[in-house]
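**Student:** Following this message is one structure expressed as structure tokens.
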Amino acid sequence: MLPEPEPVPEEPLTPAGLEDLPWFSESWHNLPWSPWVPFTAEKHAFRAIPVEPGVYRIRPAGNDFLMYIGETNRALYQRLNELRQSLRRPDLMPWNDPDTSAPALWAWRDAEAYEYECSAAPLDASPAGRRVMKSFLLYRYRQEFGESTPCNFGRFHPRYRRSTNKSENLRGGKLAIGQKDNPAGGAGMSPLCPAENPGDTRWMGITWSVNQDLAAETSGSVSPGPGLMVLSDAATGEILFIGQSMDCRKRLLDQCRKNWEGRTVQFSYHIPEAPVLQHNLRELETDLIGNFFEQNRKAPEFQFRTSH
């Protein structure tokens, strides 16, 4: 059974104590983080953000948590400067493209009057390397803080609707009184507890099915509904891919049609007993990817390929 959501810590720290939090540190997980720079900083001060590709984090000033963790293959300075520019208008939620974090950051700022600050770390890695580092940082943050960032995993403020992409031309904003909460604002899942090794039947404290060959017949026998999956090389046991879906059976059937470069692939899966939302599955998937990286210092071979 999956863990129940865990509340955010209630006791605020003093401003001096905030800087001692590990996820605010300039050496968090051995990365060379820049100083924290306000989104409202003058252009010359914002130049403290590195120009290389890498990872970045955003926090609301004076609070003890992170709002968002991201990565980019562009200059970090350029990415974050464009993001802060997109948030300049207090009366207009940004579009969902090109930066999907912008509408969520805008909604929380509008609701809570947050002032954002950012910090970034250059990372000399492939696109897959940066993406798995983002997963690892989100996993470690969930382990250390006990809760997810409010703007990752597709999460959103419960009383706001998200803007569409610009081409669809539907601007988001605050929900009217009487309208139902945005499901993306639902509770997050507590972090999975590190346990055993990737591929084990109790990896990360949840129960996995026995391995089966990845084929239409076996995938089609999986119960429909939300689930997590692990795909591995039948010959070596190497984990090739970790995934999630609100329709686990369909996702596994889709995997049957992909190119696995001559490998015989097996799969194992977990179907939660309790209802989950899409962002809950993404949280748990990231915990799995992050723990895999923690143990192996790499991503599963097929994890971040755009096609295979």
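**Student:** Given 0.36 nm per residue, what is the gain on full extension from Thr207 to Ala274 after removing their alpha carbon distance, in nm?
**Tutor:** Once the chain is fully extended between Thr207 and Ala274, it gains 22.7 nm.
**Student:** At a Förster distance of 35 Å, what's the computed FRET efficiency of Ser27 paired with Asn296, Cβ-Cβ distance as r, to 0.05?
**Tutor:** My answer for the efficiency is 0.95.
**Student:** Compute the long axis of helix 278-296 from its Cα atoms, compare it with the longest principal axis of the Cα atoms of the chain, and write down the angle in degrees, 0 to 90, nearest 10.
**Tutor:** Orientation of helix 278-296: about 80 degrees from the principal axis.
**Student:** Is there a quick way to get the dipole size of the stretch 25-106? I mean about its Cα centre, with the Cβ of Lys and Arg at +1 and of Asp and Glu at -1; what is the value in debye to the nearest 20?
**Tutor:** Its charge dipole is roughly 180 debye.
**Student:** Roughly how far apart, in whole Å, are the Cα centres of the stretch 236-308 and the stretch 188-220?
**Tutor:** 9 Å
**Student:** Taking the number of other C-beta atoms within 10 Å as the exposure measure, put Glu26, Glu261 in order starting with the fewest.
**Tutor:** Glu261, Glu26
**Student:** Given the options Ala104, Ala274, Ala215, state which has the largest fluctuation in a GNM of the chain using a 10 Å cut-off (strictly under) for Cα springs.
**Tutor:** Of Ala104, Ala274, Ala215, the most mobile in the Gaussian network model is Ala274.
**Student:** Separate question: Do the sum for the chain: with -39,500 (n - 2.57) for every DSSP H run of n ≥ 4, divided by all residues, what is the mean residue ellipticity at 222 nm, to the nearest 500 deg cm²/dmol?
**Tutor:** Computed mean residue ellipticity for the chain: -8000 deg cm²/dmol.
**Student:** Counting only pairs 8 or more places apart or on different chains, how many lysine pairs in the chain have C-alpha atoms closer than 24 Å?
**Tutor:** So the count works out to 4.
**Student:** Mind ordering 167-175, 120-128 by average Cβ neighbours within 10 Å, highest first?
**Tutor:** In descending order of packing, they fall as 120-128, 167-175.
**Student:** So if we plug the beta-carbon distance of Asp124 and Glu42 into 1/(1 + (r/R0)^6) with R0 = 22 Å, what FRET efficiency do we get, rounded to 0.05?
**Tutor:** E(calc), rounded to 0.05, equals 0.15.
**Student:** Once you have the Cα-Cα distance between Asn63 and Arg88, take 0.36 nm times their residue separation minus that, and quote the gain in nm to one decimal.
**Tutor:** Here the segment from Asn63 to Arg88 would lengthen by 6.9 nm.
**Student:** For Lys258 and Glu168 in the same chain, what is the full-extension length gain: residue separation times 0.36 nm, less their Cα-Cα distance, in nm?
**Tutor:** Gain on extension, Lys258 to Glu168, equals 29.3 nm.
FYI, it's all coordinate maths here, none of it is from the lab. Since the model is a prediction, treat every value here as computed from it, not as a measurement. Glycine also receives a Cβ, built like all others from the backbone with ideal geometry; neighbour counts cover every protein chain displayed.
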